[in-house]
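No lab work stands behind these numbers, since they all come straight from the coordinates. None of these values were measured; they are calculated from a predicted model. All Cβ positions, glycine included, derive from the backbone under ideal geometry; neighbour counts span all protein chains shown.
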């Protein structure tokens, strides 16, 4: 069984574009991490994005449960390129409209397209998570960002990339959910 959880609240003001940027956590992190530790079941391993906002939670879980923790760059958030760290209101409307018209293939700010995000997360899913999805007695946790978690949800649920934005993950324990990989039950 696999569980998915988003990092706790980042220390960044609302309205700022951040994806791959390595943002610190808000002052509420200790309380949010404690709440997550209470909600997470017994695990065999924790996988995490290498971003510090994911590592703090992943390391806390691994330490509390006495298990291994591994980082995987495929779990990083989408790269917004030159838009990273800028206020959304400061990004030219025409640039956002061009991205919105071609969300799947257009890399925002010259960064990474959603197609690229989907492909790298699917590779991680197939390579790393599939054995856990099929095991009833070994549990894994993925600590990541909104984008990769949405992709994992779509992949496991048999949804298309057009449904990527239909699911939301809250920060920390509020976003914890069990991941069911429907692909493993297909004949």
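Annotations
- Relative contact order of segment 2-185, pairs being alpha-carbon contacts under 8 Å that are 6 or more residues apart, as %: 34 percent
- Every helix of 4 or more DSSP H residues in the chain counts as -39500 (n - 2.57), and over all residues that averages to -9500 deg cm²/dmol at 222 nm.
- Rounded to 10°, Cα long-axis angle of helix 52-65 versus longest principal axis of the chain: 0 degrees
- Distance distribution P(r), segment 1-96, all Cα-Cα pairs, bin width 5 angstrom from 0: 2, 13, 21, 21, 16, 12, 7, 5, 2, 1, 0 percent.
- Simple spin-label estimate for residue 180 and residue 31 in nanometres, 7 Å along Cα-Cβ: 3.4 nm
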